[in-house]
Amino acid sequence: MLKENVFSSLKNVLPNKGQVFMDRASLVAYEADAGVDKGLPDAVVFPHTAEDVARIASWALEYHIPIIARGAGTGLSGGAVADRGGIIIEFSHMNRLLDIDVHGRSAVVEPALINLRLDEQAGTHNLYFPPDPASQRASTIGGNVAENSGGPHCFKYGVTTNYVIGMDVVLASGQCIRIGGHALDYPGYDLCGLITGSEGMLGLITSISVRLLRIPPAVKTLLAVFDSVEQAGNAVSAVIATGFVPATMEMMDQQIIRMVEPFAHAGLPLDAGAILIVDIDGYPASIDEQMNEIASILQEHNGYGMHIARNEEERARIWLARKSAGGAIARLVPSYYSIDITVPRSRLAEILKEVNKICEYYNLRTGHLLHAGDGNLHPMLLIPEPEDPDLMRRIHLAASDIIKCSVEMGGSLTGEHGVGIEKRKHMSLMHKPVELMAMWDVKQIFDPNNILNPGKLFPPGDGAEPFAGYIKEYPFNNQPHEVSIKSGETFTPTTAVEAAQGLLALATIGKSVHIYENEQNQLNGAQSAPITLSTHGLRCIKTYAPDDLYITVGAGTSLAEIQAFLAKDLRQVALASPWPEATIGGIVASNMNAPLRMRYGSIRDLVLATTIALTSGNVIRTGRPIVKNVAGFDLTKAFVGSYGTLGLIVDVTLKLIALPRTKRTLLISLDDLSDGLMLGRRLLPLALNASAITLNKGYSSANIAQSTYLLAYTAEGMPKDVQAELDQVRQELHEVGSPEVVEVEAPTGTDIWSMILGQDMRKALQVRIGIPNRNVAMYIQDQANCLNAGSFSADISNGLIYASKEFEERADASMWLETLRKPALVTEGYAIVIDMPTTLQSKIDRWGYQPEGLNLMKALKARWDPRGILNPNTFIDGI
């Protein structure tokens, strides 16, 4: 135990009595989370404010005392357990909803706000927060962020990281910084993405900004019966292969059914080998048709006993059964061990068979709970005698074998529970030493003294220092191969290894490299360097997995090539670019998002994995081709929007979706900017299937009445969903006396955005302005003169404005840019240059923005590109 006088000093730095507890009774209450690992803390501290948290962090740094952040203690991997002593920061007093922007569909919360409470309060505005872990009634938003929680609905709607847009963080030094914010796509490395899922090892979160979605007008639940889990797994793969995306696809096997039915009384069939619970949501006119199609597919794959819940009460009982498995099991045995793994969805039946074999071999009784739609399964090993050492030995051996099997199948050792203490020893199964050391680099820039949650996630080292066993294996001093590249030449690698060796050779002699993706990349302000690296040699389709809905492509492959390849199977990547030759590497590196992100997510949400060549000569793989993977820091996010300054993106694995069955756009020609802004604001709350709501100037077409502005509302998806939504939009437009509405199949709102930006390529100064959504209309109105001087496309739903204007004089261009930039910064936004003529490239400040995490960015750059050879002086503040 630490000395009493040390803790007395902690009490003195906090303003209120009763914020620090050191008595054994209090400490024992915090020695475990909901898992099996234990560790007694030396103290438990209850901050009330961010300032309290900063004081605690500064104190801990002074005395080198570990800090473990804790939410509700519902974690299952030991992530909030003080296995090395130290202090637990219990955030329970910081549980407020600080702000909700109904129009902008976002909220700001403190970390201890319960997930379900956020949902309930957002629900009063017809909004909700999609991540819904089984612990939703107790788990906190801060805990959800720390673990990157998922839940049943993440198959369609994604996991926590897809909804976090900003956070206030106290670093290990005690410094308070804002990361991200209320606008989207802030320039800078995605530190927000790195912290999400980092298990409290990088910072102490004191507030979180999250996106919300409109509640679907209707939902129906189908229960389907199968004779075995293997049959049910095959049926899930069949549904996914058709392109359907149900809101949920959950599976329970017979063991779990027989445990939960007496507890929940949901009418589950006790003789079923397995059941699937399928939710379809959308407009009432559409969900019956979708449910019938899915039911037919399930029947073709041995499903029977199809039952659709008759009312909301019956739906609630079914879902209570699904989410009550843990409580039901506790009535039968003293304990259980829940394993959390993910595999590619097409291998569900295979992994289930292997898990059953493993459990039979170790003579263990198990039941299966599966988020089947995303390949995430939870074998639940029953523990009738927790004190039986032989039983516990077999439990842990079986768990290790199951984890190893999932990794060998291309999956993850954890999909949503996290690594924590439980799985840290398994991390080397999934990650090479060089990849673990890349994660350690991230840990070191945020927390160089290893104060925050030490000992978690990384495999134990064989020395006194954390992770020592792997530091010695990290090949910092690779000897470069002979690479003959002269100044002024172009280096065109064809493999990741060749690229890494070339970068190492160039770094060794200190030659800078300009990464050339395409012509637009050459013109968008990147600085010249002695060597040009072309990704043209990395132009290929590497892996296409239609059943698992992903594709892996070389970084030099153009988006147009990818879409043409996928179109034959009625698939797509939900990305668009104004520039015809744009490569996937360039799009990812620049984080250039189109309006359709409002329907399908942004680039950071669609990139599942990457292969990266580092200047150290190493090649790392980040992520996996699966939806749910929380095995370590999310390094993929660091490279999205990094402008090639951290490493060379060699290939990218992207999430696929089916081409929409219907795509329709309503166009309204307007002469008054205020009318366009008013209509856009009125229509935004209706968006459910909308893929674009844009207000445009500078677009012309022979088929559309010519006016100054054009408002476009695009909806896409199932035909009846699209029709229902556009009917609501028409009704709203009619009620406000809108001008004539024209309905077309093309162009879409995203097409119009692309045309406006594409027509000015190389000729105009093009600017992307990010504004908190609640301020967009006011900003556009206030800057109307400046925006009207050229063309623009305002992505109303995402708070992004793209403005273009041609200039002959640099001074005029700079003045126009600053006129747009200054008020954007005042609203906590930004304005950056995305393209410009070559005559302006050396004379215009592209960024005009400095994130509060700039020092962290520089530190990460120094770790991964210590000689600073990659795209020098291209990014913010000369990075």
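The values are calculated or read from the model by the stated rules, or taken from the named source; none is laboratory data. Just so you know, these numbers come straight off a predicted model, no measurement behind them. Reconstructed Cβ throughout: ideal geometry from the backbone, glycine too, with neighbour counts over all protein chains shown. Accessible surface is based on the protein model in full, side chains and every heavy atom, while ligands, DNA and RNA are left aside. Shrake-Rupley method; radii C 1.70, N 1.55, O 1.52, S 1.80 Å.
Only one residue in 266, 272 is on the phi < 0 side of the Ramachandran plot, crowded, with 19+ Cβ neighbours inside 10 Å, at pLDDT 95 or above and not in a helix (DSSP H, G or I), so which one is that?
Values: 266 fails: at pLDDT 95 or above.
Going through 266, 272 in turn, the sole match is 272.
Inspection of the range 425-440 identifies at least one residue that is assigned to a loop (DSSP other than H, G, I, E, B) and open to solvent by 20 Å² or more (accessible area, probe 1.4 Å).
Kindly indicate whether residue 771 is open to solvent by less than 10 Å² (accessible area, probe 1.4 Å), more than 26 Å from the chain's Cα centre (by Cα) and among the β-branched types (Val, Ile, Thr). So that I can check it myself, show each step before the final result.
Numbers: open to solvent by less than 10 Å² (accessible area, probe 1.4 Å): yes; more than 26 Å from the chain's Cα centre (by Cα): no; among the β-branched types (Val, Ile, Thr): yes.
Taking the combined requirement at face value, the residue does not satisfy it.
Scanning the range 47-72 for residues that are open to solvent by 20 Å² or more (accessible area, probe 1.4 Å), over 14 Å from residue 176 (Cα atoms) and part of a loop (DSSP other than H, G, I, E, B) turns up 48, 64, 66, 71, 72. The numbered conditions (1) open to solvent by less than 10 Å² (accessible area, probe 1.4 Å); (2) part of a loop (DSSP other than H, G, I, E, B); (3) under 21 Å from residue 328 (Cβ atoms) are all true for residue 260 except (2).
Kindly establish whether residue 33 is of a type outside the set (Lys, Arg), within 32 Å of the chain's Cα centre (by Cα), on the phi < 0 side of the Ramachandran plot and surrounded by 20 or more Cβ atoms within 10 Å (Cβ to Cβ).
On the way: of a type outside the set (Lys, Arg): yes; within 32 Å of the chain's Cα centre (by Cα): yes; on the phi < 0 side of the Ramachandran plot: yes; surrounded by 20 or more Cβ atoms within 10 Å (Cβ to Cβ): yes.
When the stated conditions are applied, residue 33 passes them.
All conditions in (1) surrounded by fewer than 19 Cβ atoms within 10 Å (Cβ to Cβ); (2) closer than 22 Å to residue 645 by Cβ hold for residue 865, with the sole exception of (1).
Contact annotation: residue pairs with Cβ atoms under 7 Å, 6 or more positions apart or on different chains, pairing a residue in the range 836-855 that is under 21 Å from residue 184 (Cβ atoms) with a partner that is open to solvent by less than 30 Å² (accessible area, probe 1.4 Å) and of a type in the set (Gly, Ala, Ser), are 846/525; 848/831; 851/188; 853/188.
Hey, any hits in the range 660-672 for a residue that's open to solvent by 30 Å² or more (accessible area, probe 1.4 Å) and under 17 Å from residue 196 (Cβ atoms)? No, there is no match, as no residue in the range 660-672 is open to solvent by 30 Å² or more (accessible area, probe 1.4 Å) and under 17 Å from residue 196 (Cβ atoms). Screening the range 815-846 for residues that are surrounded by fewer than 19 Cβ atoms within 10 Å (Cβ to Cβ) and acidic (Asp, Glu) and picking the one that is nearest to residue 872 (Cα to Cα) gives 845. Residues that are in contact with a helix residue (DSSP H, G or I) (Cβ under 8 Å, 6 or more places away or on another chain) and open to solvent by 30 Å² or more (accessible area, probe 1.4 Å) within the range 36-46 comprise just one, 40.
When residues in the range 761-789 are screened for being at pLDDT 95 or above, outside any helix (DSSP H, G or I) and of a type outside the set (A, V, I, L, M, F, W, C), 5 of them pass. Exactly one residue out of 788, 798, 873 is open to solvent by 30 Å² or more (accessible area, probe 1.4 Å), over 30 Å from residue 447 (Cβ atoms) and of a type in the set (S, T, N, Q), and it is 788.
Could you list all residues from the range 1-14 that are assigned to a helix (DSSP H, G or I) and touching a residue at least 60 places away in the same chain (Cβ under 8 Å)? So that I can check it myself, show each step before the final result.
If we filter the range 1-14 for residues that are assigned to a helix (DSSP H, G or I), which is where we start, we get 4-13.
Across the range 1-14, the qualifying residue is only 10.
Can you find a residue in the range 132-139 that is of a type in the set (Lys, Arg), open to solvent by 30 Å² or more (accessible area, probe 1.4 Å) and modelled with pLDDT of 95 or more? No, that holds for no residue. Scanning the range 212-222 for residues that are open to solvent by less than 10 Å² (accessible area, probe 1.4 Å) and either hydrophobic (A, V, I, L, M, F, W, C) or assigned to a helix (DSSP H, G or I) (or both) yields 212, 222. Looking across the range 617-639 at every residue that is of a type in the set (A, V, I, L, M) and under 30 Å from residue 510 (Cα atoms), the one that is most open to solvent (accessible area, probe 1.4 Å) is identified as 619. Looking only at the range 293-314, which residues are exposed (fewer than 13 other Cβ atoms within 10 Å of the Cβ) and more than 21 Å from residue 269 (Cβ to Cβ)? 312, the sole residue that qualifies.
Could you say whether any residue in the range 186-202 is open to solvent by 20 Å² or more (accessible area, probe 1.4 Å) and under 30 Å from residue 438 (Cα atoms)? Yes; the residues of the range 186-202 include at least one that is open to solvent by 20 Å² or more (accessible area, probe 1.4 Å) and under 30 Å from residue 438 (Cα atoms).
Contact map, the range 712-728: residues that are under 15 Å from residue 244 (Cβ atoms) paired with residues that are part of a helix (DSSP H, G or I), Cβ distance under 6 Å, separation 6+ or inter-chain. Pairs shown: 718/286; 720/285; 720/286; 721/286. For first residues located in the range 226-247 and on the phi > 0 side of the Ramachandran plot, partners that are of a type outside the set (D, E, K, R) and lie 6+ apart or on another chain with Cβ distances below 8 Å form the pairs 243/570; 243/657; 243/658; 243/659.
Can you name the residue in the range 375-390 that is more than 24 Å from residue 235 (Cα to Cα) and touching a residue at least 12 places away in the same chain (Cβ under 8 Å) and is also surrounded by the most Cβ atoms within 10 Å (Cβ to Cβ) among such residues? Selected residue: 381.
Residue under question is residue 127, and the condition is that it be without any contact (Cβ under 8 Å) to a residue 40 or more places away in the chain, under 23 Å from the mean Cα position of the chain (by Cα) and over 20 Å from residue 35 (Cα atoms); does it hold? For residue 127, the condition - without any contact (Cβ under 8 Å) to a residue 40 or more places away in the chain, under 23 Å from the mean Cα position of the chain (by Cα) and over 20 Å from residue 35 (Cα atoms) - is not met. Among the residues of the range 15-30, the one identified as touching a helix residue (DSSP H, G or I) at 6+ places or on another chain (Cβ under 7 Å) and either assigned to a strand (DSSP E or B) or open to solvent by 70 Å² or more (accessible area, probe 1.4 Å) (or both) is 20. Within the range 145-161, the set of residues being in contact with a strand residue (DSSP E or B) (Cβ under 9 Å, 6 or more places away or on another chain), open to solvent by less than 10 Å² (accessible area, probe 1.4 Å) and at pLDDT 95 or above comprises 145, 160. Keeping to the range 121-130, report how many residues are touching a strand residue (DSSP E or B) at 6+ places or on another chain (Cβ under 9 Å) and either open to solvent by less than 30 Å² (accessible area, probe 1.4 Å) or assigned to a helix (DSSP H, G or I) (or both). Total meeting the criteria: 5. A single member of 644, 676 is outside any loop (DSSP other than H, G, I, E, B), crowded, with 24+ Cβ neighbours inside 10 Å and in contact (Cβ under 8 Å) with a residue 24 or more places away in the chain, and it is 676.
Yes/no per residue for (1) open to solvent by 10 Å² or more (accessible area, probe 1.4 Å); (2) in a strand (DSSP E or B); (3) among the acidic types (Asp, Glu); (4) farther than 18 Å from residue 200 by Cα:
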| residue | (1), (2), (3), (4) |
| --- | --- |
| 74 | yes, no, no, no |
| 77 | no, no, no, no |
| 80 | yes, no, no, no |
| 92 | yes, no, no, no |
| 95 | yes, no, no, no |
| 98 | yes, yes, no, yes |
| 104 | yes, no, no, yes |
| 108 | yes, yes, no, yes |
| 116 | yes, no, no, yes |
